[in-house]
1. At a Förster radius of 25 Å, what calculated FRET efficiency corresponds to the Cβ-Cβ distance of VAL263 and SER160, to the nearest 0.05?
2. Sorted by mean Cβ packing within 10 Å, highest first, what order do the peptides 466-477, 73-84, 136-147 take?
3. Report the label-to-label distance for LEU389 and ASP495 in nanometres (one decimal), using points 7 Å from each Cα along the Cα→Cβ vector.
4. Once you've got the Cα coordinates, tell me which of LYS379/LYS454; LYS440/LYS467; LYS440/LYS510; LYS342/LYS406; LYS440/LYS502; LYS118/LYS214 are over 24 Å apart.
5. Just order 308-317, 175-184, 34-43 by mean Cβ neighbour count inside 10 Å, highest at the front, would you?
6. Would any residue of region 508-550 have its amide N under 13 Å from a label point 7 Å out along Cα→Cβ of SER360? List them or say none.
7. Mind checking the angle between helix 139-161 and the chain's longest principal axis? C-alpha axes, 0 to 90 degrees, to the nearest 10.
8. Cα-based Rg (one decimal) and Dmax (whole number) for the chain, in Å?
Amino acid sequence: MSTIRTLRSGWKQISNKARWILLIYMCALVLISGLDGIALFLFSKLGLNIAGELTSDYPSGNLILGIWCIVLFLIRSATALGITWVGCIILAHEETAIGQRNLHTYFNMEWKTRLSEKVSGIYDFVDRGPNSLVQQYILSFATLIAEIFSSLVIFGVILSLNTITALSGFLFFIFVALSQHKVISLSSRRAGLEIAENFTGTYNHLSDAFYLSKLLQITPSLSFSSIILLKRRGLSNARARAVFIESLPRYMMESVLVLGVIVVGVATLVTQGSSAIVPSLAIFALAAFRILPSINRIQGLILGLIGREPIAQMALRSFEVSKPKLIARTTEIQKDFILELKDVFFSYEHSGQPLLSDISFQFRRGLQYAIVGPSGSGKSTLMDICMGLLVPDSGSVSRFFLMQDKIAYSSQETFVVSASLAQNVALEWTDEVIDLECVKWALGLSSLEINDLKIQVNQNSLSGGEKQRLGIARALYRKPTLLFLDEPTSALDTDTELDVMKSINELRGKTTVLIASHKLSTIKHADVIIYIENGAIKGSGSLTEVQALMPDFDEHI
Ligand SMILES: Nc1ncnc2c1ncn2[C@@H]1O[C@H](COP(=O)(O)OP(=O)(O)O)[C@@H](O)[C@H]1O
Ligand SMILES: [Mg+2]
């Protein structure tokens with residue numbers, strides 16, 4: 001039943017054009033099977049003629065019949081190949097479109113949901129799921145429908161040749177196929193589920209292996225490679241089982257063919273007498289030759305649909321895409337402010353203790369704010385709320401944005417993508433859209449003096465301090481009016497920190513800056529210091545005011 005549900009959801013995902021192509025594809029395959037039927041009919045006539053050849057006066061007629069048979073079979077195969085090719089290409093476009101839509105959904109997914117996502121989630125949702133859904137699932141279904149029609153056509157032809165043989169043979173094969181299906185389909189579904197589960201596990205572990213490679217090289221883990229082995233073994237075994245299960249019907253059917261000979265022989269003997277046995281068995285052999293592969297294919301396709309369903313499902317996950325209501329109407333009074341938090345409460349788990357409680361604050365345009373407090377007090381979480389990534393459980397966040405306002409962010413850890421330095425700063429992958437002058441300007445302000453903008457960098461080729469400066473350059477490149485810097489100087493030496501902070505301080509007046517930091521040297525020039533502890537604002541004001549208000553302030557930073 002879930003197979004049908006997945007098909008229905010998949011059908012809704014593809015475009016109208018693709019639906020039409022699939023319908024044409026199915027009709028073409030059915031027509032092809034019509035050709036098949038005619039060829040088969042001629043072929044059987046030829047067989048019967050040759051059987052009576054000794055008395056026949058028209059050997060040339062047989063030759064023409066024979067040539068027609070061959071031509072029809074060849075046309076059929078060529079057309080089938082052509083239409084399959086067109087179907088595959090069109091569906092490749094659909095697969096890309098679904099993947100792209102899913103990527104968009106992924107990027108707009110509620111941040112809280114994204115926090116619990118694993119790395120394999122994006123692979124499954126954007127690539128593997130759509131591929132399985134379209135190329136393996138929907139296409140297989142269309143092929144299945146066409147295959148059922150084809151076997152009915154062939155059945156019709158054989159029926160016209162010999163009713164009893166065709167009926168008994170067909171019913172026999174259907175009975176065997178149904179019994180087989182009952183036995184095998186469960187295993188097929190189980191194998192499909194195992195493939196999906198172990199694939200996800202393997203890819204999560206492999207991505208961990210990639211990011212931990214340096215650490216694990218120095219201090220090998222006792223269990224890491226064996227846990228990967230376990231997942232991979234599970235994956236390989238499940239894949240092998242799926243292949244085996246799909247090929248099972250073929251071999252089983254071939255062995256029951258012998259049984260079929262007995263069934264048809266007995267049926268003919270009982271209904272038509274012993275003289276009819278030989279021609280009847282000849283027709284049965286012909287039927288088996290044409291119908292068996294068809295029934296095998298049908299069964300293989302059904303098993304494939306059942307087995308691939310869990311992977312196809314990965315393309316159909318749905319996510320909450322609720323964007324927080326951030327943009328507030330700008331009134332005259334609010335023109336001087338850019339951001340306002342009112343009575344904000346927040347917890348990562350709804351039932352748990354609030355991590356942030358009763359936070360209210362107004363941020364004036366052009367000033368520099370420092371969010372200060374012990375590690376784990378909620379500084380980064382507060383920033384995520386201000387940026388609109390996390391939605392408060394209660395209270396409101398308002399952003400008084402004007403047309404020209406832009407937001408940028410530099411996170412606590414900077415991830416370097418495997419691309420050129422300029423591409424890394426702009427976070428653009430095609431050079432035409434990169435403003436190189438702006439890249440140079442941003443790198444200068446963040447004191448990352450690498451002159452060759454085209455130099456290829458990656459996560460392992462920059463030092464911690466360089467990564468951090470790259471992160472700041474990325475944010476500055478966007479020329480923001482609201483800039484969030486989360487621990488921007490934690491990996492910088494005193495001199496570099498001084499240079500970077502000088503640049504940040506020069507943004508005063510044009511850019512509202514929110515810095516979360518532990519370091520006094522980073523926050524000492526801030527206009528307003530917000531001291532938070534245990535998720536609540538304990539004090540705010542200038543450095544001297546906060547120091548006076550909180551006697552143990554210096555201990556915490
Ligand atoms: N995604 C998350 N799910 C659950 N708890 C989290 C998550 N992110 C952070 N926390 C918890 O919230 C608390 C505050 O984290 P954070 O805002 O990063 O603190 P800070 O930036 O002040 O060091 C920490 O105890 C942390 O473990
Ligand atoms: Mg933090």
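Each value in this text was obtained by applying a stated rule to the coordinates, not by laboratory testing. Note that this is a predicted model, so its numbers are computed, not measured. FYI the Cβ positions are ideal-geometry reconstructions off the backbone, even for glycines, and counts take in every protein chain you see.
1. On the way: r = 21 Å, r/R0 = 0.84.
Computed FRET efficiency for VAL263 and SER160: 0.75.
2. Values: 466-477: 24.8, 73-84: 14.5, 136-147: 21.4.
So the peptides 466-477, 73-84, 136-147, ranked by packing, come out 466-477, 136-147, 73-84.
3. Distance between label points: 3.3 nm.
4. On the way: LYS379/LYS454 36 Å; LYS440/LYS467 16 Å; LYS440/LYS510 20 Å; LYS342/LYS406 22 Å; LYS440/LYS502 17 Å; LYS118/LYS214 21 Å.
Result: LYS379/LYS454 exceed 24 Å.
5. Working: 308-317: 22.2, 175-184: 14.7, 34-43: 19.6.
Packing proxy ranking, top to bottom: 308-317, 34-43, 175-184.
6. 537
7. 10
8. Calculated on Cα positions, Rg and Dmax stand at 34.9, 121 Å.
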